[in-house]
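One structure is given here, and the rest of the page talks about it.
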Amino acid sequence: MKNNKAKPPPSQEDRPVKRFNLVWLYLPIIVLFLFYPWSGSSIKEITWQQFEKDILSRKAAEKLVVVNNEKVEVYIKKSLANDKAFKDVFKPGFGSEINAGPHYFFSIGSVETFDRELDDAEKGFSVNDKIPVTYTKETNWFLNSIGWLLPIVLIFAFWYYTLRGSAGMAGAGGGGSIFNFGKTTATLIGKENSNITFNDVAGLEEAQMEVREIVDFLKSPDTYTKLGAKIPKGVILVGPPGTGKTLLAKAVAGEARVPFFSISGSEFVEMFVGVGASRVRDLFKRAKEKAPCIIFIDEIDAIGRSRGKGAFLTGANDERESTLNQLLTEMDGFGTNNGVIVLAASNRADMLDPALLRPGRFDRHIYLELPNTTEREAIFKVHLRPLVMDETVDVHFLASQTPGFSGADIANICNESALIAARKKEDKIGKQDFTDAIDRVVAGSEKKSKIILPEEKKIIAYHEAGHAVVSWLLKNVDPIIKVSIIPRGKSLGAAWYLPEEKQLMRKQAFTENLSAALGGRAAEEIMFGEVSTGALDDLEKVTKEAYTMVAYYGFNEKIGNTSYYDSTGEHDMSIQKPFSEETGKMIDEEVRKLVSDVYFNTKELLEQNKGYLQKVAELLLKKEVVYKEDLEAILGKRPTGEKSVKA
Ligand code: ATP
């Protein structure tokens, strides 16, 4: 009996890749080369004098042909084929018995001169003996063909290499050939290679609980389908950069032991129209072949941004929209329970098209946040596992020193500390290496070699001392832990704070933070009577904060409880402001007033505490780095009661 079982479609890896054969480029050139009448160049060249002496005087020429007014071809009479003088030139040519000519040629300056010289030479010849002369025009078809063929070949070659180059850059999967251009560039991690599990993900308890359900769907779908439940198709992970979205998606694949297709949203977007949509189609096709599996689309905002938004500014939105439409179609298209689950990551879910987030598509939203102290401790534990450390390293201390750090920052600190210890040729990584690594991640690496003039150093010391004294005296400013005047990264000095993990911030805290930031400039003005460029970063920060206070948080009496904050991101793209010109002016005025009031108060505060300022600055000039304990020794304990000093 004949076996009618259909052969399964070849998988992407098995599929023979159609490669463009370069032979099609070279072939026409080779053919032209071969068929060029190179034999023509074997006609013997002679001079007019030789022609006159050896041919004309013997009346041996049958005819002369003037070609293109440039040269004269000479045909010898066939009757002289056996003549000793001409035997050679009559030698059989390519495919003929006898060379029918032309046998010689000579160049001429102009046709008129040639005619005159021939007339002179033939003086005394009878009419019958005069050599018949004809004039012809020959076109060199070889050079002509090259003339039009070469540009075509060059354009084609350029096009081919450009396509191949950009397809190659887009990723291994889709690159390599123009015929693969619309293929997905997703990397596939096979189920046997997905070795990341929930053990590698620390903290994120709630998020892990939610994704554990997906692992269950993939492992034993029957448990759910037999009760009539539908398996979710899409899950979107939202959170700041480095909070472990990709890691969590990989862990889901690793736990469920299913293949994992990973692609970044920007890889769909190419300069050629239609490529994105075709890549989406190909990605889902490949995924269905490998089901059950996970598709992970990182930075989905690259394609999933709300349609129509920003079209006015960017202009080239059609390609992104058609890619997004294709993604929506594919998500609708595949059956609910076919085992392909799409996980996507985004830093801003509010920017995404609502159609993408509706039930049946990415209907599950998991929010990841920056880790708190306990979570940071857990993340540190994961990344400290492979490190060789001494007993001075205290995980709890490390977690407490890194508020606001993401999982990726922590992973970076752990690696950085190992590098620092290795550079110092230590056997084990110690607490100091971790502290140095944290400093490095926060403020950049130390640049001790930077040349700083003594008077500049003094300004920097007073500037940093200004920050330190104001921060110490105002109780709502985050605790200061260290001040340094060693240049790091781009900055010439820095103050380290330990932010408290608060969910709400009061107006007073905002104002005091502005004051701490302006403390550097105020100190310069008090001590030197003029200010320097060193406050650029501070002023930038102060201006931004002041605008948020006035225009977003309703902290200004004149603007009132009105907020121009736009959580949808729509106004990021539009030129028009969400408020009137008058309100705009008012916001500007209020911001300026706020900053100048805070600056005035800060200066007053520092004037009153000038002695402290000088002491801290002098210590900084002496030691370069001043710690919390040093500050306490100079300034006494930090105020703890209700508002102690006016900011
Ligand atoms: P982005 O939005 O920039 O793409 P992401 O949220 O996808 O960032 P990941 O790529 O998952 O971040 O994280 C980067 C690295 O940070 C991980 O490879 C891992 O080493 C570390 N990391 C982040 N979060 C955690 C965590 N919760 N537990 C352990 N390691 C973590």
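The values are calculated or read from the model by the stated rules, or taken from the named source; none is laboratory data. The structure presented is a predicted model; accordingly, all values stated were derived computationally and were not measured. Using ideal geometry, Cβ is built from the backbone for each residue, glycine included, and neighbour counts are taken over all protein chains shown. Calculation scope for accessible area: heavy atoms of the full protein, side chains included, ligands and nucleic acids excluded. Shrake-Rupley method; radii C 1.70, N 1.55, O 1.52, S 1.80 Å.
Some notes on this structure:
- Of Lys615/Lys637; Lys431/Lys457; Lys447/Lys490; Lys431/Lys615, those spanning more than 21 Å from alpha-carbon to alpha-carbon: Lys431/Lys457; Lys431/Lys615
- Accessible area in the full protein assembly, largest first, 1.4 Å probe, for Glu557, Glu545: Glu557, Glu545
- Neighbourhood net charge (14 Å Cβ-Cβ; Lys/Arg +1, Asp/Glu -1) for Ala229: 0
- For the range 44-138: rounded, prolate or oblate by the Cα gyration tensor [a/c cutoff 1.5]: oblate
- Highest mean first, the peptides 408-421, 449-462 sorted by other C-beta atoms within 10 Å per residue fall in the order 408-421, 449-462.
- Whole-Å distance, taken between Cα centres, linking the range 43-61 and the range 138-155: 35
- Lysines with Cα under 23 Å of Lys428, excluding same-chain neighbours fewer than 8 positions away: Lys381
- Taking all Cα-Cα distances within the range 480-635, those exceeding 25 Å account for 41%.
- Three-way shape call for the range 578-631 based on the alpha-carbon gyration tensor, with the a/c threshold at 1.5: prolate
- When Trp496, Trp159 are compared by accessible area at a 1.4 angstrom probe, the order from most to least is Trp159, Trp496.
- The residues of the range 454-635 expose on average 53 square angstrom of accessible surface per residue, using a 1.4 Å probe on protein heavy atoms.
- Cross-link reach list, lysines versus Lys577, counting only Cα pairs under 21 Å and skipping chain neighbours closer than eight places: Lys309, Lys544, Lys558, Lys585
- Per-residue SASA remark: Lys59, around 80 Å² accessible (1.4 Å probe; ligands, DNA and RNA not included).
- Burial ranking of peptide ranges 393-406, 482-495 (average Cβ count within 10 Å, highest at the top): 482-495, 393-406
- Sorting 222-230, 295-303 by their mean Cβ neighbour count within 10 Å, with the most densely packed peptide first, gives 295-303, 222-230.
- Set of lysines with alpha-carbon distance to Lys44 below 21 Å, sequence-local pairs under 8 removed: Lys53, Lys59, Lys63, Lys71, Lys77, Lys78, Lys84, Lys87, Lys91, Lys137
- Alpha carbon Rg of the range 375-443, scaled by the compact-globule rule 2.2 N^0.38 Å: 0.97
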